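Only the coordinates and a few stated rules stand behind these numbers; no lab work does. The structure presented is a predicted model; accordingly, all values stated were derived computationally and were not measured. Backbone-built Cβ (ideal geometry, glycine too); neighbour counts: all protein chains shown.
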Amino acid sequence: MDAHAVIHQQVTENPIVLYMKGTPQFPQCGFSANAANILKACGVSRFLAVNVLESAELMAGLKTYANWPTFPQLYIKGQLVGGSDIMRDLYQAGELQKLLVEATAH
């Protein structure tokens, strides 16, 4: 399966996906740490976190999948929300919390 197919499968089968450098427990850059902390502050404990440093093919594919060249990348219900700065702005406005609640409601 090529990188775009893997990404598509991940973002459509999981309501919340965070592509980041490192892991939520051991982030490898400040932006990824901020993104994971924002999700935690929103009360999100279950999400798919993908360490892009483990696969050069996946990292390259993500840059072209949604035409977003940087990491982290947050997807909610298959849609790219954005990176750390956008997550912060949405969180401060109370919008990210709404998106996350909708994504995790059954």
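Consider segment 15-44 and keep the residues that are polar (S, T, N, Q) and free of Cβ contacts under 8 Å to residues at least 40 places away in the same chain. The one that is surrounded by the fewest Cβ atoms within 10 Å (Cβ to Cβ) is Gln25. Restricting attention to segment 45-103, the residues that are over 17 Å from Lys21 (Cα atoms), touching a residue at least 24 places away in the same chain (Cβ under 8 Å) and of a type in the set (A, V, I, L, M) total 4. Annotation for segment 21-40: no member residue is in contact with an Asp or Glu (Cβ under 6 Å, 6 or more places away or on another chain) and not hydroxyl-bearing (Ser, Thr, Tyr). Looking only at residues of segment 55-106 that are under 12 Å from Ala35 (Cβ atoms) and among the polar types (S, T, N, Q), we find that the one that is surrounded by the most Cβ atoms within 10 Å (Cβ to Cβ) is Gln73.
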